[in-house]
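Enquirer: Dumping the structure here so I can ask a few things about it.
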Amino acid sequence: MAYSTKVIDHYENPRNVGTLDAKDTAVGTGLVGAPACGDVMKLQIKVNDNGVIEDAKFKTFGCGSAIASSSLVTEWIKGKTLEEAGAIKNTVIAQHLSLPPVKLHCSMLAEDAIKAAINDYQLKKSA
Amino acid sequence: MSDRPIYLDYQATTPCDPRVLQVMLPYFTEEFGNPHSRSHAYGWRAEEVVEEARLKVAHLIHADPKAVIFTSGATESNNLAIKGVAHFYKAQKDHIVTCATEHKCVLDSCRHLEQEGFKVTYLPVNSQGIIDLKQLEEAITDRTSLVSIMAVNNEIGVIQPLAEIGKICRAKGVFFHTDAAQAVGKIPIDVDAMNIDLLSISGHKIYGPKGVGALYVRRKPRVRLTSLITGGGQERGMRSGTLSPPLCVGLGEACAIAEAEMASESARLTALRDRFYKTIQAELDEVYLNGDLEHRIPGNLNLSFAFVEGEGLMMGMKDLAVSSGSACTSASLEPSYVLKALGVEEDMAHTSLRIGFGRFTTEAEVDTAAKKIIQEVKRLREMSPLWDMHRDGVDIKSIQWAHH
């Protein structure tokens, strides 16, 4: 299967690989996917007092498209408000990376990961 | 060769040996006769070289040359053996026994027979990929016409106990077919000593040309089959169509070379494989071998690199040509059914690579490949949330994953 140059770029030079302190109340962690399905994404966001994502990190187990999708969204959500980040649609991710139909689930997983991280952050805030 | 990926996928196909190509060439041009032409020297010459080739194929498996017919490849041979025997004996018998890890063309032939009303037993395999002989014995009934068990598995390279299977089949009075596409030329095969009644051969798995194979069909006691392709009645009526002398000659030469070099090549490949595997094991933890190591052809390894997804791994190794049991490399998004049959968990099946060594693999290539794999596995594990969990002592199976 031929990958798009953008997928290859993110796969070879992934942005924002790493871990934030999950115990920090300013940090939200999303863990989506399943090992049995061949992809697991962990996405973490650090949110400042104005509700803006000031840092994002990811770790992904999966194919090149899954790694690229998660790397891309960490770039996109930095500097965005939670509302803006939560509105990112998988179709836009898929389009940007030129994912073939068989890889669309990678972009859906990336969208889910953002939502899960935001959820986790808000849950911690309200607790 | 240097700017091309290192080829480590010898179970998928092999290059045609230049020595094979050399002997094939005249039969494309000046010696172009139809081997079935009886009235002139062009035909006689073509027939003569086809029969010489048949002799070489037969010799490799210790068979009567008259019992070897040429086909287009192992897929056709398997279809012909299974459907042909089932159809011929269907008035008395309507049951086939095969196994869960067979090649798709065997399983699909069986599925088609099931749709026609035949019954098929799919034997399981143990965690090493080997069938249980007791289960085989119990599966055979007086309605069974054929047992079809592969000699060597294409994904994990494990060798089934052919002689024991043959003995059981002979005692029970059922025919024994084996798909030997991955076995012929790599391990000794003797159709008489092993009581094999039908045996499928592929040209391109043994450094011969693509588009040719053979089927051994025992004459004593005689195995009858209904042909799939009808027409001029060539190949003793079992496979009509004009034979291709260059392809037959190529298969014959490939068999002769494989036979002459089997012992030395087997020792060389075993050394290369062990060298590769030891290097990997010395540098990486959490690497698991799929399938038995002892009952295995020398040129195959199937390894699961835990916490690293197979397709992602292959993408980082563009200079290596290997294949993966990961779902992501298949259109169906299902991980390897062979690994599944061994009881390999789906998450581990996603991390598997099949590494195949062959006649043109060098020690330098093996070392380069091992180094590259080690480097990529380490890089991707640093990127893997599962690797983090493993290092933190989290049991990945204890987590409630949302399956999608």
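The values are calculated or read from the model by the stated rules, or taken from the named source; none is laboratory data. A quick note: this is a predicted structure, and the numbers were derived from the prediction, not measured. So basically every Cβ, Gly included, is an ideal-geometry build from the backbone, and we count neighbours across all protein chains shown. Surface accessibility is based on the protein's heavy atoms, side chains included, excluding ligands, DNA and RNA. Shrake-Rupley method; radii C 1.70, N 1.55, O 1.52, S 1.80 Å.
Enquirer: Working carefully through the options B:Glu345, B:Glu311, B:Glu334, find the one that is at pLDDT below 90, of a type outside the set (A, V, I, L, M) and more than 23 Å from B:Glu283 (Cβ to Cβ).
Expert: Answer to the check: B:Glu334.
Enquirer: Please determine, by comparing only the residues of the range A:72-98 that are open to solvent by less than 20 Å² (accessible area, probe 1.4 Å) and within 14 Å of chain B (Cβ to nearest Cβ), which one is nearest to the chain's Cα centre (by Cα).
Expert: A:Thr74
Enquirer: Which residue is nearest to the chain's Cα centre (by Cα), if the candidates are limited to the range A:48-71 and must be surrounded by fewer than 24 Cβ atoms within 10 Å (Cβ to Cβ) and more than 14 Å from every other protein chain (Cβ to nearest Cβ)?
Expert: Here the residue is A:Asp55.
Enquirer: Out of the residues in the range A:1-34 that are away from chain B (no Cβ under 11 Å) and of a type in the set (Val, Ile, Thr), which is farthest from A:Ala68 (Cα to Cα)?
Expert: It comes out as A:Thr25.
Enquirer: So, B:Gly291, is that one open to solvent by less than 40 Å² (accessible area, probe 1.4 Å), on the phi > 0 side of the Ramachandran plot and in the same structural domain as B:Glu376 (by TED's automatic domain parsing) or not?
Expert: So B:Gly291 passes the test.
Enquirer: Would you please name the residue that is nearest to the other protein chains (Cβ to nearest Cβ), looking only at residues in the range B:283-292 that are in a loop (DSSP other than H, G, I, E, B) and closer than 18 Å to B:Glu346 by Cβ?
Expert: If we take residues in the range B:283-292 being in a loop (DSSP other than H, G, I, E, B) and closer than 18 Å to B:Glu346 by Cβ, then B:Glu286 is nearest to the other protein chains (Cβ to nearest Cβ).
Enquirer: Also, quick follow-up: Being over 16 Å from B:Lys83 (Cβ atoms) and assigned to a loop (DSSP other than H, G, I, E, B) is the filter here; which residues of the range B:220-242 pass it?
Expert: Passing the criteria: B:Lys220, B:Pro221, B:Arg222, B:Gly231, B:Gly232, B:Gly233, B:Gln234, B:Gly241, B:Thr242.
Enquirer: While we're on this one: So which pairs qualify, if the first residue must be in the range B:51-66 and in the same structural domain as B:Asn34 (by TED's automatic domain parsing), the second must be open to solvent by 90 Å² or more (accessible area, probe 1.4 Å) and in a helix (DSSP H, G or I), the Cβ gap must be under 6 Å, and the two must be at least 6 apart or on different chains?
Expert: Short answer, once both residue conditions are applied: B:Pro65/B:Leu55.
Enquirer: Pick from B:Cys105, B:Cys99: which is assigned by TED's automatic domain parsing to the domain that holds B:Lys167 and crowded, with 20+ Cβ neighbours inside 10 Å?
Expert: B:Cys99
Rundown of residues vs (1) open to solvent by less than 10 Å² (accessible area, probe 1.4 Å); (2) more than 22 Å from B:Asn153 (Cα to Cα); (3) touching a residue at least 12 places away in the same chain (Cβ under 8 Å), yes/no style:
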{"site": "B:Glu253", "(1), (2), (3)": "no, yes, yes"}
{"site": "B:Met262", "(1), (2), (3)": "no, no, yes"}
{"site": "B:Ala271", "(1), (2), (3)": "no, no, no"}
{"site": "B:Ala282", "(1), (2), (3)": "no, yes, no"}
{"site": "B:Leu301", "(1), (2), (3)": "yes, no, yes"}
{"site": "B:Phe305", "(1), (2), (3)": "yes, no, yes"}
{"site": "B:Val322", "(1), (2), (3)": "no, no, yes"}
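Enquirer: Please determine whether any residue of the range A:106-119 is away from chain B (no Cβ under 14 Å) and either open to solvent by 10 Å² or more (accessible area, probe 1.4 Å) or over 22 Å from B:Asp388 (Cα atoms) (or both).
Expert: Yes.
Enquirer: Looking at the range B:83-141, which of its residues are more than 22 Å from B:Ile156 (Cα to Cα), without any contact (Cβ under 8 Å) to a residue 12 or more places away in the chain and among the basic types (Lys, Arg)?
Expert: B:Arg111, B:Lys134
Enquirer: I've got another one for you. Residues that are at the interface with chain A (Cβ under 10 Å from one of its Cβ atoms) and acidic (Asp, Glu): list the helices (runs of 4 or more DSSP H) wholly contained in the range B:293-404 that include at least 2 such residues.
Expert: It comes to B:346-349.
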